[in-house]
1. Per residue of segment 65-80, in order, report the coupling 6.51 cos²θ - 1.76 cosθ + 1.60 (Karplus, θ = phi - 60°) as ³J(HN,Hα) in whole Hz, putting x for Gly and Pro.
2. Figure the gain on full extension for Gln52 and Glu94 (residue separation times 0.36 nm, minus the Cα-Cα span) and round it to one decimal in nm.
3. Rounded, prolate or oblate for the chain? Axes are the square roots of the Cα gyration tensor eigenvalues, ordered a ≥ b ≥ c, and the cut-off for rounded is a/c under 1.5.
4. Val40: net charge of surrounding residues, Cβ under 14 Å, Lys/Arg +1, Asp/Glu -1, itself excluded?
5. Between Rg and the Kirkwood Rh of segment 3-237, both from Cα atoms, what is the Rg to Rh ratio?
6. Which value in deg cm²/dmol, rounded to the nearest 500, describes the helix-derived mean residue ellipticity at 222 nm for the chain, given -39,500 (n - 2.57) per DSSP H run of n ≥ 4 and division by the residue count?
7. Quick one: if you stick a label point 7 Å off each Cα along the C-beta vector at Glu315 and Ser367, how many nm between them?
8. Over segment 247-428, what is the mean sequence separation of C-alpha contacts under 8 Å (at least six apart), divided by residue count, expressed as relative contact order in percent?
Amino acid sequence: MTAAVAAVDLGATSGRVMVGQVGPDTLELRQMGRFPNGPVHTPDGQHWNLQQLYAHVLDGLRSASRWEDGIQSIGIDSWAVDYALLRGGRVLGEPFHYRDERTAHGVDLVHADEPFSLLYARNGLQFLPFNTLYQLAVEREAGMLGVADRLLLVPDLMAYYLTGATVAEATNASTTGLLDVATKCWDGELMDRLRLPRGLFPRIVQPGEHIGTVLPHVAETTGLAGDTPVIAVGSHDTASAVVATPMTEPGGAYISCGTWGLVGVETESPVLSTAAREANFTNEGGVDGRTRFLHNVMGLWILSETIRTWERDGEKVDLQRLLAEAAAVGGDVDIFDANDDVFMPTGDMPARISTWLAERGLRVPGSRAQMARCIVESLAQAFADAVHDAGALSAQDIHRIHITGGGSLNELLCQRTADRAGMPVVAGPVEATAIGNVLIQGRAIGAVSGSLESLRDLVARTFNPRVFEPQAR
Ligand code: LFR
């Protein structure tokens, strides 16, 4: 049997709605709508415009139901950590964007109550200043937690808009810092210590569970059948991407490369060693109870924010041309540390890169092509280092790297990652996140069955990856 499902995949720079056809030998995706996303600045900081995203999602679902009458379910994934606060079902303002700098203060507040080493032992998460628990400390100080009675992470909020049900999907809940890494349940004791009301946090659901069926007005607006279920998938986009990474043999590491480069391996259980903590590796929840042992590298954000800076005055930069010119740059370029937090906020990226290099007596790129090359080389080195660390820290012998997401289309980045890591890079699929979303829905409705390994085997059979062999330069 082949089934049609709708995958809603919201990224930090764009969102899309796809129709997936899925069956034992079938896996096909068709894009129904793609729309831009990004921060919206208001006087109190940077937010997401989720009302607008929701309107785009409804449009995409309408196109999906016109394209294919038998849409059997909907799955939603997005970036992690961000949330809306609600009271009595009403959303209390648009969610903050994780790049909003208010989180720095939240870090001080939380670490005053619970030092990072103790937090790591409880939640297994790498330090990222925007993890939900730091954001919530700021909300607490602002008095918001006395008002709110519910917290919904972004994909859970979209599911609420579509169904009226309030749940917390497990893989994304694992990025809040408030899930016990051992039991995978909410850590009520930690919430008490941080003075976060336990009642804010909804029931946890696992990928594959039904969240609810679409509300009557959603069915009417989209043309979907009134009993169409919303099914929990790996609602953290990285969890969905890892599902669809064609790691069909042991020894593979993954890089889910979009705005971020999420570099790591899959493990059966968390790795909580001091070395893992010091290397800032995270243990996020994967589908089927797996652990995503990975490190966040800054990713294509550095390139896109550079281009945004260049385009500020209205000029348009052609990405393909820029990358071709970057590939043609002769000789070595000096590189920067793509893990340095200085590159995290929005703002003039080329200036930050130049300052970083100049302060260390390194060569500053003299042209845009050199700057692009310097960014790609810096990312490739950070990726290679993180792959090495992931293998060493998890005691896995890694000999192949899978790059999925938008980065898999960046040939220079794939080749230079292979060269710097000294192992082949298998590139694709580019839409791994949406494919992982489709696969978990497909399994929930019985169109496919089996373990993640057999789902990955289906990906490997239906998408042609491109292999970049390491070359000496
Ligand atoms: C990737 C991602 C990362 C998470 C970051 C912020 O889109 O979900 O996994 O660390 O965005 O949420």
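1. 6, 6, 5, 9, 6, x, 5, 8, 6, 10, x, 10, 9, 7, 4, 9
2. Extra length available between Gln52 and Glu94 comes to 14.1 nm.
3. Rounded, since a/c falls under 1.5.
4. Charge balance in the 14 Å sphere: -3.
5. 0.98
6. For the chain, the value works out to -11000 deg cm²/dmol.
7. Distance between the two pseudo-spin positions: 1.3 nm.
8. Answer for segment 247-428 is 28 percent.
None of the figures in this text is laboratory data; all of them are computed from the coordinates on show. Quantities reported herein were computed from a predicted structural model and do not represent experimental measurements. Because the Cβ atoms are built from the backbone with ideal geometry, glycine has one as well, and the counts that use them run over all protein chains shown.
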